[in-house]
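Asker: Have a look at this one.
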Amino acid sequence: MPRTTSARHDAIATAADLFRRQGYAATGLEQILAVSGAPKGSFYHYFPDGKEQLAVQSLTFSGERVLQRIEHAAAITPSAGALVTAIAAGQARDLRDSGFALGCPVATLALELAGTSEPIAQVANAAFASWAAPLADRLIAEGRSAVEAARLARWAVANLEGALVLARAARDATIVTDAAAITAAVLDGRTDLEG
């Protein structure tokens, strides 16, 4: 990989991590450059519109990484409910492993900027929709209509995203796994909401 492409990728990956940990306002370009090792001169070559453009590209990067994890889980789980449970297990593990410093890599910026930045809102919305798609596909394969599957999948993503916020605040990853257990029961048509 040529150095210039590596510098761009490193800046995006570093920004994604720092934005996830600190938020947009608390993360400066100097910090991103220092941590990534990307040359300052190349920054505006790759990101001529500045920090917001970098944030948009870092959201795209983060959204695709999460989607890969979801698609992997979809390939090895037997039902929609099991898929939600697997996704939540990964989220809970990330929370615990980071000392509750890492929440959702997309929600952090969406909460901070979606109300004022149309590009951020669009990329965040696209990421959330892409995460719901494998679950909707699974629900369709299990006999749900396309409309019902899409609504249920979006609802499941919303549940897990909300649970992540609550879990970070409470420093309690079981909030995520509890939300997933209830969501899984609903998706699988079970009435045992205790999981």
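The values are calculated or read from the model by the stated rules, or taken from the named source; none is laboratory data. A quick note: this is a predicted structure, and the numbers were derived from the prediction, not measured. Quick reminder, even Gly has a Cβ in these numbers, built from the backbone with ideal geometry, and neighbours come from all protein chains shown. We work out accessible area using only protein heavy atoms, side chains counted, and drop any ligands, DNA or RNA first. Shrake-Rupley method; radii C 1.70, N 1.55, O 1.52, S 1.80 Å.
Asker: Amide H neighbours of Asp188 under 5 Å, counting only residues 5+ apart in sequence or on other chains, H built in-plane at 1.01 Å?
Answerer: For Asp188, the qualifying residues are Gly81.
Asker: Roughly how many Å² is the accessible area per residue of the range 1-147, as a whole number, for a 1.4 Å probe?
Answerer: 48 Å²
Asker: State to the nearest 20 debye the size of the charge dipole of the range 1-85 about its Cα centre, where the only charges are +1 on K and R beta carbons and -1 on D and E beta carbons.
Answerer: Details: 8 positive and 7 negative charges, 28 e Å.
Computed charge dipole of the range 1-85: roughly 140 debye.
Asker: For the chain, what is the relative contact order in percent, using Cα pairs closer than 8 Å and at least 6 residues apart in sequence? Write down the numbers at each step before the final one.
Answerer: On the way: 234 pairs, mean separation 44.5, N = 195.
The value is 23 percent.
Asker: Next up: Report the charge-dipole magnitude of the chain in Debye, nearest 20, computed about the Cα centre from +1 at each Lys and Arg Cβ and -1 at each Asp and Glu Cβ. Show your work: numbers first, answer last.
Answerer: Working: 17 positive and 20 negative charges, 71 e Å.
Around 340 debye, computed over the chain.
Asker: Something else now. Counting alpha carbon pairs within less than 8 Å and at least 6 residues apart, what relative contact order, in whole percent, applies to the range 133-185?
Answerer: Working: 31 pairs, mean separation 14.0, N = 53.
Relative contact order of the range 133-185: 26 percent.
Asker: So how much slack lies between Ala129 and Arg65, counting 0.36 nm per residue of separation and subtracting their Cα-Cα distance, in nm?
Answerer: On the way: separation 64, 0.36 × 64 = 23.04 nm, distance 1.40 nm.
Computed gain between Ala129 and Arg65 is 21.6 nm.
Asker: Just want the answer: with Cβ charges of +1 for Lys and Arg and -1 for Asp and Glu, which residue in Thr85, Ala114, Ser58 is farthest toward the dipole's positive end in the chain?
Answerer: Most positive-ward Cα: Ser58.
Asker: Using θ = phi - 60° and the Karplus relation 6.51 cos²θ - 1.76 cosθ + 1.60, list the HN-Hα couplings for the range 118-134 in order, rounded to whole Hz, with x at every Gly or Pro.
Answerer: Ordered by residue, 3J(HN,Hα) equals 4, x, 5, 4, 5, 5, 4, 4, 5, 5, 4, 5, 5, 5, 6, 4, x Hz.
Asker: Need the C-alpha centroid separation for the range 78-104 versus the range 16-32, integer Å.
Answerer: 23 Å
Asker: Per 0.36 nm of contour for each residue apart, how much would the distance between His45 and His9 grow if the chain were fully extended, relative to their Cα-Cα spacing? Working shown, then result.
Answerer: On the way: separation 36, 0.36 × 36 = 12.96 nm, distance 1.31 nm.
Extra length from His45 to His9 when fully extended: 11.7 nm.
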